[in-house]
Amino acid sequence: MEYKAPVEAYTGVVREETIGKGEKALKLGGENILPLHFFDEGSNPNPPRFALEILDMKPEGWPEHLVEPFKDVISDPVKWAKRCEDFGVDAVFLRLVSTDPAEKDSPADEAASLTKKVAEAISIPLIVYGSGDDKKDAEVLPKVAEVCDGMNLLIGPVQKENYEVLSKAILDHGHKASALSPLDINLLKELNVKSCHTLSPDMIVIDPESAALGYGMEYSFSLMERVKQLGVIVKDSMTQMPIIADLGGECWKTKQAIENKEQGLLWEGMTALSLLLAGANIIVIRHPETLKLVKETIGGEIWQK
Amino acid sequence: MIVIGENIHVIAKVVNDAFKAKDAKPIQDLAKAQAEAGADYIDLNVGFLRKDTEERMTWIVNTVLDLVDLPLSIDTMNPVAMEIGLRLCKERGRKALLNSASGKTDSKNEMLPLAKKYDCDVVISCINDKGMPAEGDSKLDSVMDTVAYANDLGIPNERIWCDPIVLPASTAGEGQKNAVATYEFVEMLPEALPGIQSLVGLSNVSSGTPIENRELLNRVYLVILARKGLSASIHDALDEDMMKLCRGKSQNTVDLIYRTMDGEDIDFSSLSQEEINYVKTTKVLTGETLYSDAWLES
């Protein structure tokens, strides 16, 4: 008897969302198959995207081998962003760490005008994250949204403590929201439901929290899988958003990555590759050589159908 | 549906304070209110009762027995307290339910024999030495072993009530799975173990969910379980809407929940907000839509 492989056709579609403006605006998501299930009916119109992370101040505690590709520009976020673009990445991810009250507690105005300068200096889209301090982010990010009016940035992290004020600013000034919840499918859905009181669902990207290889990555992995299954198979409208995997920072905190360059690249690369397999639509990493490594590994157009 | 009123439990501050101070009135008030609301049993959840076990157990059991004619569900993990409760009920010619025994070795050795000794009904939960089985059929496997053990002690199936253990539906990822596994267990039970009744501690399904929506979750889950053949439920006997559901007086609500369970595509435009909430909650408890604390909002 001839074997006929089963072919599935699902009716759920991950929303296709665009960040940035102009020629190099990026489309995320849009798939109606599970990650890499190219044997099923359906398509994945957009390949995985990559962002390189920069900080708004000179990083402290980064190992020499991570600083090296940027060492002449690392005190200047604008130049640093342009350097990232030169490496051929799809987007720049700016983290406003200096605004953290535990860091420099730098003011919202300053962060907003820097964000605008960075966004204007590059032709690729900008993703901008606050420090993660929910109270301070509620001051900083609305200012960023306002100053960068109409630039269609991806702004985060929108969290359960500050979604109301952030959603409103993001809506009013024409941006997208990255909604962060702490590794929990039910909380992830709740935050999306609540954010949708203000935003339309196609303005939200899911940040499910990405842990590094050896430090809980399997939780992020299974959570992303679950989000895709619910969105594509079960058609749960509140999980049908593209996923961002913000993993570079977590990887470069590990002892293994700090110890030496080869380990660092592999640590970040393996984490990135794994979370792509789980369904992440855009990956945030720090080292340009990791970018090259992962892109070579997955090969050009193979992840698109 | 046999309703076991849960309102006298030591986690409630008013009960705990009264119990400590041996103040009979708050406890008798609760017992009386539950009896008037139509409860079939009064659950006495006394905790482990490590200190002054005999004296305190005797006091609380007599306090309730003096006032109401209903059978008692003696709810403690302490076999010494359990025996006191069962003995007092027997002496006073009152029916009692041993709540509960399990497949754990300690429980088999110390709790189960009390059901034989005092010739009372006994709750057997699906917990065993390995913990709590997650799936409907593994829950059943676990309970079948314990029931066989009980049968060997001379306790017939007709004396046994099985508890599949309800867990919070809100528990990340696994909560809804357990909600489904629990009603699957209830459905499979009569065929697997003829003569045995099923019982759940209902309110646990809504533990950890926003307080304003807990009752809704409890009510809908009760209707689902009842449809699957549940014999008895331990819950808030003072919730009037719940009581109406148990007594078949809210047929419209029950029908709506059944239609949702059967996969009917229900048109919200013809429903009241309350009815919409029943539909949404049914979908959460049958695992059709993913739980979130905001399940009524999406």
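Assorted remarks:
- In segment B:102-174, counting only helices (runs of 4 or more DSSP H) that sit wholly within it, none holds 3 or more residues that are over 17 Å from B:V186 (Cβ atoms) and within 14 Å of another protein chain (Cβ to nearest Cβ).
- Filtered residues of segment A:215-249 (kept if surrounded by fewer than 24 Cβ atoms within 10 Å (Cβ to Cβ), among the acidic types (D, E) and within 15 Å of A:A278 (Cβ to Cβ)): A:E218, A:E225
- Some residue of segment A:178-200 being modelled with pLDDT of 95 or more, out of contact with any Pro (no Cβ under 7 Å at 6 or more places or on another chain) and more than 14 Å from chain B (Cβ to nearest Cβ): no
- Boolean, A:V89 is in contact (Cβ under 8 Å) with a residue 24 or more places away in the chain and within 20 Å of the chain's Cα centre (by Cα): yes
- Test: residue in segment A:126-137 that is of a type in the set (A, V, I, L, M, F, W, C) and in a loop (DSSP other than H, G, I, E, B): no
- Boolean, A:I155 is aliphatic (A, V, I, L, M) and in a strand (DSSP E or B): yes
- Total residues in segment A:204-241, condition in a loop (DSSP other than H, G, I, E, B) and closer than 23 Å to A:I285 by Cα: 10
- Tally, over segment B:239-284, of residues that are within 14 Å of chain A (Cβ to nearest Cβ) and either in contact with a Ser or Thr (Cβ under 8 Å, 6 or more places away or on another chain) or not acidic (D, E) (or both): 4
- Tally of residues being surrounded by 19 or more Cβ atoms within 10 Å (Cβ to Cβ) and under 24 Å from A:L223 (Cβ atoms) across segment A:16-48: 14
- Cβ-Cβ contacts under 7 Å between residues 6 or more apart (or on different chains), taken from a first residue in segment B:190-215 that is at positive phi to a second residue that is outside any helix (DSSP H, G or I), are listed as B:G208/B:P168; B:G208/B:S170.
- Yes/no for A:K71 being surrounded by fewer than 21 Cβ atoms within 10 Å (Cβ to Cβ), under 23 Å from A:L141 (Cα atoms) and of a type in the set (K, R): no
- Restricting segment A:213-237 to residues that are free of Cβ contacts under 8 Å to residues at least 60 places away in the same chain and in contact with a strand residue (DSSP E or B) (Cβ under 9 Å, 6 or more places away or on another chain), the residue that is nearest to B:L290 (Cα to Cα): A:V227
- Within segment A:3-21, the set of residues being of a type in the set (K, R) and touching a Gly at 6+ places or on another chain (Cβ under 9 Å) comprises A:R15, A:K21.
The values are calculated or read from the model by the stated rules, or taken from the named source; none is laboratory data. Being a predicted model, the structure only gives us computed values, none of them experimental. Positions of Cβ are generated from backbone atoms using ideal geometry, with glycine treated the same way; all protein chains shown enter the neighbour counts.
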